Amino acid sequence: MRTNGQVLAGLMEQAYMEVIPTRTIVDRLVHLPQHSYVSITCSPATGVGPTLDMVDELRALPEDRQLKLVPHIAARVVRDKGHLREILSRLDEADVESVFVPGGDAVKPAGDYDCSLNLLRDIAEIGHEFEDVGVAAHPEGHPLVDDDELLRLLKEKQQYANYLVTQMCFDSTVMVNWLRSIRRAGVTLPAWLGLPGVAEIPKLISLSLKIGVGQSVNVLRKQKGLVRKIISAKPYKPDDLLAGLIPYLDDPDLDIPGFHLFSFNNVENTERWRVETMMKYSES
């Protein structure tokens, strides 16, 4: 029987990283092993274009640098069904096997889609060849949607998706209690837990408050030596968060297949932390 540490090491081996499309990010992905999964975000400011461009750029790399790509299609940046057809066609040409479909953070929708459920329905109606379709979930709620509505939408999305990814959270108790609650409510999608990667603490707190991670960011603020860490510019690492999750990772009722790492494009340091953590726990 595997120990809790070995279970964690196995999940860390399967962990995949989220990155933001920028002019320099492709060069930084050299730090990832060949055929690693990489999730590519979709900005409310720039739309889905940079995401698709990055897919094409990565697909043009030599075989020894090929990665498994998970582009985001945020509902609120898709104009209409015609635009959606163009996006799906482009992803099909790039042989993309997995997509992630969040609602998106744009305050005002660019067109016909104000939530991911409607986009998922049209993706299913148009037809696709994706092996995996993921949806977002929010252990600490969403700034624009109340908790009851979030749960209703998540239950309805199950027929169009085969996994969920939780929003970044800093409190293991909050995450586990939320996961138990959605399981009792009938949500059965495997849950990839969203973990903050290695990042500067002031930046992490600022971003967390913007996306509605309010309750558990207080855990980050109260970490031992946080003030000293901020002054010394020592980056955050989610070690304490992982320690709190360890007892629950092999619970079949929770169904946790792995971790989704929010890298904030700090790819090299986050990947180094992932490998070091995997090695540390594999020996425990």
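Any read-out appearing in this document is the output of simple, stated calculations on the displayed coordinates, not a laboratory observation. It should be emphasised that the depicted structure is a prediction, and the values quoted were computed from it without experimental measurement. Reconstructed Cβ throughout: ideal geometry from the backbone, glycine too, with neighbour counts over all protein chains shown.
Quick notes on this one:
- Extension gain (nm, one decimal) between GLU268 and GLN14, 0.36 nm per residue minus Cα-Cα: 89.7 nm
- Cβ-derived FRET efficiency at R0 41 Å, GLU125 paired with ASP251, nearest 0.05: 0.70
- Of ALA60, ALA136, ALA15, the one that fluctuates the most in a GNM where the chain has Cα springs shorter than 10 Å: ALA60
- Antiparallel %, DSSP beta bridges [both residues in region 4-279], to 5: 10
- Over 24 Å (Cα to Cα) - which of LYS108/LYS157; LYS157/LYS237; LYS68/LYS108; LYS81/LYS108 fall in this group: LYS157/LYS237; LYS68/LYS108
- Legend: Rg and Dmax of region 124-194, from Cα coordinates, 12.5, 40 Å.
- Reciprocal of mean inverse Cα separation for region 237-284 (Kirkwood radius, Å): 12.1
- Relative contact order, whole percent, for the chain stands at 25, derived from Cα pairs under 8 Å and 6 or more residues apart.
- Subtracting the Cα-Cα distance of THR24 and LYS155 from 0.36 nm times their residue separation leaves 43.4 nm of extension gain.
- Computed over Cα pairs, the Kirkwood radius of the chain leads via Stokes-Einstein (1.002 mPa s, 20 °C) to a diffusion coefficient of 110 µm² per second.
- Calculated FRET value between ALA185 and GLU63, using beta carbons and R₀ = 41 Å, to 0.05: 0.40
- Additional length obtainable on full extension of the chain from ASN118 to ALA45, 0.36 nm per residue less Cα span: 24.2 nm
- Region 244-284 and region 160-182: distance between their alpha carbon centers, rounded to Å: 15
- Each of the trypsin sites (Lys or Arg not before Pro) that DSSP puts in a loop and that has at most 14 other Cβ atoms within 10 Å breaks the chain; the longest unbroken stretch is 24-221.
- Taking a Cβ cut-off of under 12 Å around GLU268, the surrounding Lys, Arg, Asp and Glu residues balance to a net charge of +1, with basic ones at +1 and acidic ones at -1.
- Helix-only arithmetic for the chain: the sum of -39500 (n - 2.57) across DSSP H runs with n ≥ 4, divided by the residue total, places the mean residue ellipticity at 222 nm at -12000 deg cm²/dmol.
- 3J(HN,Hα) along region 111-122: x, 7, 10, 9, 8, 6, 4, 5, 5, 4, 4, 6 Hz, from the Karplus curve 6.51 cos²θ - 1.76 cosθ + 1.60 with θ = phi - 60°, whole Hz, x for Gly and Pro.
- Surrounding net charge for LEU11, when Lys and Arg each add one and Asp and Glu each subtract one, Cβ distance under 14 Å: -1
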